Amino acid sequence: MSLCPCGSQNEFNACCDPIIKGESNAQTAAALMRARYSAYTTGDIDFIIDSTHPDHREDMNREEIEAWSSKSKWLGLEIVDTAEGTERDNWGMVEFKANFQLGGESMSHHERSEFHKTDDKWFFVDGEPLVSQVKREGPKVGRNDPCPCGSGKKFKKCCAR
């Protein structure tokens, strides 16, 4: 018995595992998102493909999905926001952050995903990656200003290269 990778604090065999194995359907778009994340952590590529809407499977590359799944160390899922996607809806949106390490570097995949329900079964349709904007802490460093690294050189001759 182990906790589900989706972060629900429930046991895996009572949370995402039955959805991944096809023993039950995800009741909400967010539940399907959690199961898809768990499938990435366990390497269940068939579920990732099968839970994608049939109209959107042609662009999927199984080898790329397998490589990302197996080469990543999965660190956690954060559901940021949802719109609709309840048991009564046929459409839903889930914004999430999937945190992982790849090649020793910590990363976060931030996406807003669309889900459709067909015949009482939720499917992933498409996702829009969201990029966080980096905000400058201080004033902009000019090319001829001293480099902020403390080298004594002009910025253009040091870190701006």
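The table below lists the values:
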quantity	calculated
Long-range HN-HN contacts of Thr52 with modeled amide H, under 5 Å	Phe124
Dipole of the chain, positive direction: furthest Cα of Gly85, Ala67, His56, with charges on the beta-carbon	Ala67
For the stretch 12-131, size of Cβ-based charge dipole, Lys and Arg +1, Asp and Glu -1, in debye	400 debye
Probe 1.4 Å, all protein chains present, accessible-area order of Thr41, Thr82, largest first	Thr82, Thr41
For the stretch 47-77 and the stretch 95-114, distance of Cα centres in Å	13 Å
5 angstrom amide H check on Asn10, placed H, neighbours 5+ away	Cys4
Accessible surface of Glu64 - all protein chains present, 1.4 Å probe, nearest 10 Å²	120 Å²
Cα-Cα over 26 Å, subset of Lys71/Lys157; Lys73/Lys97; Lys97/Lys117; Lys71/Lys156	Lys71/Lys157; Lys71/Lys156
Estimated D of the stretch 59-104 in µm² per second, where Rh is the Kirkwood radius over Cα pairs and Stokes-Einstein applies at 10 °C, 1.306 mPa s	124 µm²/s
Cβ-based charge dipole, the chain, positive-most Cα from Tyr37, His116, Pro18	Tyr37
Kirkwood-Stokes translational diffusion coefficient of the chain, alpha-carbon pairs, 10 °C, 1.306 mPa s, µm²/s	89 µm²/s
Where trypsin sites (Lys or Arg not before Pro) fall in DSSP loop in the stretch 5-56, at most 15 other Cβ within 10 Å	Lys21
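The values are calculated or read from the model by the stated rules, or taken from the named source; none is laboratory data. Predicted model, so just to flag it, every value in this text is computed and none were measured. We place every Cβ from the backbone using ideal geometry, glycine too, and count neighbours over all the protein chains shown. In case anyone asks, the SASA skips ligands and DNA or RNA and just uses the protein heavy atoms, side chains included. Shrake-Rupley method; radii C 1.70, N 1.55, O 1.52, S 1.80 Å.
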